[in-house]
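Notes for the one structure printed next.
The values are calculated or read from the model by the stated rules, or taken from the named source; none is laboratory data. Just so we're clear, the structure is a prediction, and the values are computed from it rather than from any experiment. Note that we place each Cβ from the backbone using ideal geometry, even for glycine, and neighbour counts take in every protein chain shown. Ligands, DNA and RNA are excluded from the accessible area calculation, which covers all protein heavy atoms including side chains. Shrake-Rupley method; radii C 1.70, N 1.55, O 1.52, S 1.80 Å.
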Amino acid sequence: MTYVLTVHCTSKRGIVAAVSGFLADQGCNITDASQFDDAETGSFFARISFVPETGIELDALREGFEPVADDFDMEWGIHDTADRMKVVVMVSNFGHCLNDLLYRWRIGALPIEIVGVISNHLTYQKVVVNHDLPFHHIKVTKQNKPEAEAQLLQVVEDSGADLVVLARYMQILSDSLCQKMSGRIINIHHSFLPSFKGANPYKQAFERGVKLIGATSHYVTADLDEGPIIEQDITRVTHAQSASDYVSLGRDVEAQVLARAVHAHAQHRVFLNKDKTVVFPASPSAYTSDRMG
């Protein structure tokens, strides 16, 4: 049994001592710890994995930690690593990211529980149903967008999902939905942001003669493709390759980047830091325990 404590607060003296002292007093052994003190924003972030060695229950730990958290005005949580985060995936007509997430989920390589797939098309209905997952077809037009988003939110609520993953879902979400689910929607953008935003980024990159293309996974905000970045990666291209080659190469990068972002979020390794993120590396045992080796 392993728990994870996450902490975000204003930086000040004594935080680490207070947290580690509390865990020691409760009979808990720290197995992994990461921390970051941002001098620019004055914020402190920490993620601590620990094992309770005296049988203390999760609820008792949470209750006991409240006075420590109050002393430092913390945003915090204590999470059981055995509890897999519930995820709803959204997709349109490009299925490479969806297929990759389904495969990683099926083999246990992602610490999540996919509880449903939403699409504005029927293209991947059979794929989803063959995975014994609920498929929700929610058609979106300019006229019915508010009703469609209400249906989307109902699916999220009914399924108990903690996270929505846009796996190349090609509809822009409304400002109100982005605000309502702030920090709970992850998107994959088929470009190395902040360059080449919006539609057809590979075409834009091709026309500019770039030598590197990439993908960016970020939290969704009301500003299109401007959300805090979680994960990025790149691959090389040459002058001899076409725009369609860029698309083919980019798909592999997109799938990997999105999977890594979801993995980090599900393990509570991502912290919002104003318009940026703090992303702690996976602990040595994380990929082994989740069979991502």
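Considering only residues that are among the basic types (Lys, Arg), within 30 Å of Leu5 (Cβ to Cβ) and not in a helix (DSSP H, G or I), which ones fall in segment 234-282? Listed by number, the residues that qualify are Arg269, Lys274, Lys276. Exactly one residue out of Ser119, Ser43 is touching a helix residue (DSSP H, G or I) at 6+ places or on another chain (Cβ under 9 Å) and of a type in the set (Ser, Thr, Tyr), and it is Ser119.
Name the residue that is surrounded by the fewest Cβ atoms within 10 Å (Cβ to Cβ), counting only residues in segment 192-218 that are part of a loop (DSSP other than H, G, I, E, B) and on the phi < 0 side of the Ramachandran plot. Checking each candidate, the answer is Ala199.
Against the list (1) at pLDDT below 95; (2) under 24 Å from the mean Cα position of the chain (by Cα), the condition Ser49 fails is (1). Of all residue pairs spaced 6 or more apart or on separate chains, those with beta-carbon atoms under 6 Å, a first member in segment 112-135 that is more than 11 Å from Ser159 (Cα to Cα) and a second member that is hydrophobic (A, V, I, L, M, F, W, C) and open to solvent by 70 Å² or more (accessible area, probe 1.4 Å) are Phe135/Val129. Just one of the listed residues (Val128, Val115) is farther than 27 Å from Val247 by Cα, among the aliphatic types (A, V, I, L, M) and either assigned to a strand (DSSP E or B) or open to solvent by less than 80 Å² (accessible area, probe 1.4 Å) (or both), namely Val115. Scanning segment 155-191 for residues that are open to solvent by 10 Å² or more (accessible area, probe 1.4 Å) and among the small types (Gly, Ala, Ser) turns up Ser159, Gly160, Ser174, Ser176, Ser182, Gly183. The single residue among Glu157, Glu113, Glu149 that is within 27 Å of Ile229 (Cα to Cα), acidic (Asp, Glu) and more than 20 Å from the chain's Cα centre (by Cα) turns out to be Glu149. Every residue in segment 232-247 that is more than 21 Å from Tyr219 (Cβ to Cβ) and surrounded by 12 or more Cβ atoms within 10 Å (Cβ to Cβ), please. The answer is Thr235, Val237, Gln241, Ala243, Asp245, Tyr246, Val247. The set of residues in segment 131-154 being of a type in the set (A, V, I, L, M) and either in a loop (DSSP other than H, G, I, E, B) or open to solvent by less than 20 Å² (accessible area, probe 1.4 Å) (or both) consists of Leu133, Ile138, Val140, Ala148, Leu152. Annotation: of all residues in segment 100-109 being surrounded by 14 or more Cβ atoms within 10 Å (Cβ to Cβ) and in contact (Cβ under 8 Å) with a residue 60 or more places away in the chain, the one that is farthest from Arg251 (Cα to Cα) is Ala109. Within the set Asp25, Asp71, the sole residue that is touching a helix residue (DSSP H, G or I) at 6+ places or on another chain (Cβ under 9 Å) and free of Cβ contacts under 8 Å to residues at least 12 places away in the same chain turns out to be Asp25.
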